[in-house]
Each structure stands twice: as C-alpha cells, then as structure tokens.
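First up is the structure itself, then whatever we jot down about it.
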Amino acid sequence: MAINQKRTGELSEGLILANLLSMGYSVSLPFGDNQRYDMILDDGSHLLRCQCKTGCLRAGVIEFCVDSVNNRTGERKVYVGDADVFLVYCHALKKCYKIPVTAEVKRTMTLRLESPKNGQTKGVRWAKDFEFMPS
C-alpha cells in the first residue's frame, strides 16, 4: 500500500499514542475531526490538548509544520490557543518530542540534533531537550 501524507500523519499519531500509553498516560481522543487537536493527554494533574505532527529529518534538524492549511481556501492557521503542545514523531529516529505551542514561529519549527555550522547557540531548540519517550 502506498504511503501518502495523510497516511504518514495517521501512522505518526498512532505511534505517538502507543508511546503515551506505554508511559502510563491516559489519553482521550475527540469524536470527529473538527477539533484543532488530535488527542487530550491526562498526566494526572493536567489535561493537555495535543496536536500530533510528523517530524522530517533534514540536515541535522527535525522539521515540522506548526500550522494547518485549509485545502479548500488555502488559508493557513496556527494552533496557538487551540492546542497546548505539539507531539512530534520522527520516523527516521523512531523518537517522539513534546514542544509547547507558541506564537513565536509562523510556519515550521526545527529541533536541532547537531551544532550549527556558524556556531550559533542562542535561540537554538535542541531536540534532546524535548524528547518524550518511554523509559
């Protein structure tokens, strides 16, 4: 069976769900697909609206979209106020990352695996700081 973008996203969501359950979290899935989040994570004291994303490994970073696109109108919309965290699964690394939803980034976000060639460290989001995997 061919893998397309929607199927890849569904696979990422399933693997994220499996990771959460293996870590002992309770997870609720919204009925229908009209919500701006994919699941609700219950950590015992808080409920977090989670938007699942697929991370692509490119040139030493994990990159993922922080917005959605309306297929009919082409309108792009960020998740600020609609979701609390991104749960990102990177298939190439078989790892999951938990990143707060923020208004700072407009289209894509990167998590760095390797040091930048220009030596920059300020403002770098290191992937290791956001790893969210079963122990």
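Sorting E10, E63, E114 from the fewest to the most surrounding beta carbons within 10 angstrom yields E114, E10, E63.
So how do V78, V66, V27 line up by other beta-carbon neighbours within 10 Å, fewest first? Numbers along the way, then the final one.
Details: V78 18, V66 23, V27 14.
Fewest-to-most ranking of V78, V66, V27: V27, V78, V66.
A simple charge model with +1 on the Cβ of Lys and Arg, -1 on the Cβ of Asp and Glu and nothing else charged puts the dipole of the range 1-96 at about 360 debye relative to its Cα centre.
List the pairs from K53/K94; K94/K128; K77/K117; K6/K77 whose alpha-carbon separation is above 25 Å, in the order I gave them.
Details: K53/K94 13 Å; K94/K128 13 Å; K77/K117 32 Å; K6/K77 18 Å.
K77/K117, as the Cα separations exceed 25 Å there.
In terms of overall dimensions, the range 5-130 has a Cα radius of gyration and Dmax of 14.8, 47 angstrom. Sort the range 23-88 into rounded, prolate or oblate with this rule: let a ≥ b ≥ c be the square roots of the eigenvalues of the Cα gyration tensor; rounded if a/c is under 1.5, and if a/c is not under 1.5, prolate when a/b is larger than b/c, oblate otherwise. Oblate shape, in that a/c is at least 1.5 and b/c is the bigger or equal ratio.
Fewest neighbouring Cβ atoms within 10 Å first, the residues F130, F64, F86 line up as F130, F64, F86. Gain on full extension, evaluated as 0.36 nm per residue between T73 and E114 minus their Cα-Cα distance, stands at 11.0 nm. Over all other residues within a Cβ to Cβ distance under 9 Å of V85, the charged ones net out to +1, with Lys and Arg as +1 and Asp and Glu as -1.
Which whole-number percent is the relative contact order of the chain (Cα, under 8 Å, 6+ apart)?
Values: 234 pairs, mean separation 30.3, N = 135.
Rounded, it is 22 percent for the chain.
Here, each number is a calculation from the coordinates, and none is a lab measurement. Not measured: the values here are computed from a predicted model. Every residue, glycine as well, gets a Cβ built from its backbone with ideal geometry; the counts of neighbours run over all protein chains shown.
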